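Report on the structure given below.
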Amino acid sequence: MCAARSLDGLTHLSRRTERVACVLGCSAVVLTLAWTLSEPASSAGQTLAIAVPSREPQMWIEAHLGQPIAEAAAAARFRGADGERFAFTRVIDGHLQGVFLFGCGAGLGDSGALRKICFDAVRASQAAGSVHLVLDLREALEVPEDPAQATKLGSLVAQGLELGLYRYDRYLAEDRRDTPRLAQVTVVAKSTTPGEGSGRGQVIAAAIRRARDLVNGPAELITPSHLASVAGEIAHGLVDRGVTCTIFERDECARRGMGCYLAVARGSLEPPKFIHLAYTPAGASKGRVCLIGKGVTFDSGGYSLKSSDAMFGMKMDMAGAAAVLSALEAAARLQVPWEVHAIVAATENMIGGNAYRLGDVLRAANGKTVEIDNTDAEGRLTLADALVYAGGLRPDFTIDLATLTGACIIALGPHIAGVMSPDEGLCASWLAAGERAGESHWRLPLPPALKEQLKSTIADLRNTGDRPGGAITAGLFLSEFAGGQRWLHCDIAGPAMVKKAFGVNDEGGSGFGVATILELLSGEIG
């Protein structure tokens, strides 16, 4: 639970749960999952979804579903290619059954593709009004003999299925809410061993849903105080799993010298909340991990004011915070063998009589001074003081997730996060974890020569460099505050703030980063 030491500028939040429930904008449906070796008997309200690879699909369809269906699929040009779909309805055992064939190309060896086809099957079943989905993966999914690897497949399947039911519908009229009828999924595969990973996948999916709810909620609801309440609720619910929560108020942050963070907060009527959520495993720990999430709950750009088009959607500028808080909750539920700290310097970036200005010189918690040449480069200022704080915990490694730069989206597109780190082993482990989790990352360099762009004539550095290479200079700025930590920066501006649906993500918040964090903490880190 949160400590109650108001004299130190701390706030007790362990019992402040009255507003937390307001953020839950989706139905908290948990599917009943079963894995079998053969297709179950047909029943009323059942949908059948089959993953069909592109190797001789017509022969397979004719052998399993009959010549008329094969001819109809051929006429519709269904060839089993990735993304293709063919649907029909049949009467079987006296019941009307909707059948969906999903093309999957060479198969489901890719984690993202596996989550996606499960997601699509649920969406199709939901649209058909089904209560029971039978998902046949026998032709497309090779199950490894290693039980540990097999259960990872089961986790990915469960994640895709659960996320298929996600909707943020808190503000929709009742007649527009797509209340799920689907309650049961039977997965048919060559082995039932993957089913042992279903529970883990459902925990991960629940964490992603929480992160999405936080990101999708309007800024008038998801304030810094609300994020602090959520952290307190997580700690209160998991105190028996070793979770604690500490919140620093403005005065305590000032005492700790967090001048960059507090400058960003000055323009808002909403008080800043510096959140430290921690999990300590009951058994032996592999080490200490700090996860820092950018927590700007609304970003107007400050006096470097964004345009209306650019400002719309800036409620999502706290997606990093949502990811690390939600991932810590899941880490505690899964009892990962790491001591994990989630750190969020939560604030708004607004315009007001006391807002920070261009040309101001700020002092960070490590004593470095920063000249402000763009108040819309505020996220790195909040992260700078959070990085210094994390260094004081002496972690084995630190990872920050932030919707930091539009430049990263220009470089990598909307689906891929940019990864920067001077640590080869940590970077390799993170990239591998992302691939296993079905989240896409790409490493960008941190060339020391570009630090020249951050030089200031009146301070230790400026908060931005030139427009070219903007994502990289943002990473280089953060490196000045890592203080020798094993540190990795992940710019999630593209995949965390979705403008056009892709993969298992609708428009809005994706919860990107949660699955990669949990995958990283489940394995060995280089």
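The values are calculated or read from the model by the stated rules, or taken from the named source; none is laboratory data. Just so we're clear, the structure is a prediction, and the values are computed from it rather than from any experiment. So basically every Cβ, Gly included, is an ideal-geometry build from the backbone, and we count neighbours across all protein chains shown. Heavy atoms of the whole protein, side chains included, go into the accessibility calculation; ligands, DNA and RNA do not. Shrake-Rupley method; radii C 1.70, N 1.55, O 1.52, S 1.80 Å.
Quick notes on this structure:
- The residues listed here are Val498, Val504; of these, the one that is open to solvent by less than 30 Å² (accessible area, probe 1.4 Å), under 18 Å from Met316 (Cβ atoms) and touching an Asp or Glu at 6+ places or on another chain (Cβ under 7 Å) is Val498.
- Selection within the stretch 78-98: residues that are surrounded by fewer than 19 Cβ atoms within 10 Å (Cβ to Cβ) and hydrophobic (A, V, I, L, M, F, W, C). The member of this set that is farthest from Gly129 (Cα to Cα) is Ala81.
- All helices (runs of 4 or more DSSP H) inside the stretch 237-337 with 1 or more residues being acidic (Asp, Glu): 250-255, 308-311, 319-334
- The stretch 266-277 residues that are in contact (Cβ under 8 Å) with a residue 12 or more places away in the chain, paired with ones that are part of a loop (DSSP other than H, G, I, E, B) and among the β-branched types (Val, Ile, Thr) (beta carbon under 7 Å, 6 or more apart): Gly267/Ile351; Glu270/Thr223
- Members of the stretch 188-231 that are among the β-branched types (Val, Ile, Thr) and either over 30 Å from Val52 (Cα atoms) or touching a helix residue (DSSP H, G or I) at 6+ places or on another chain (Cβ under 6 Å) (or both): Thr193, Val203, Ile204, Ile208, Val215, Ile222, Thr223, Val230
- Check on Arg266, in contact with a helix residue (DSSP H, G or I) (Cβ under 9 Å, 6 or more places away or on another chain), open to solvent by 40 Å² or more (accessible area, probe 1.4 Å) and within 16 Å of Thr347 (Cα to Cα): no
- Of the residues Ala428, Ala407, Ala459, Ala474, the single one that is surrounded by 24 or more Cβ atoms within 10 Å (Cβ to Cβ), more than 28 Å from Phe119 (Cβ to Cβ) and hydrophobic (A, V, I, L, M, F, W, C) is Ala474.
- From Leu101, Leu96, Leu114, Leu108, residue being out of contact with any Cys (no Cβ under 7 Å at 6 or more places or on another chain) and either of a type in the set (Lys, Arg) or assigned to a loop (DSSP other than H, G, I, E, B) (or both): Leu108
- Single condition Pro180 does not satisfy, out of (1) assigned to a loop (DSSP other than H, G, I, E, B); (2) open to solvent by 30 Å² or more (accessible area, probe 1.4 Å); (3) not charged (D, E, K, R): (2)
- Flag not set for Leu401, criterion: closer than 29 Å to Asn505 by Cα, out of contact with any Ser or Thr (no Cβ under 7 Å at 6 or more places or on another chain) and open to solvent by 40 Å² or more (accessible area, probe 1.4 Å).
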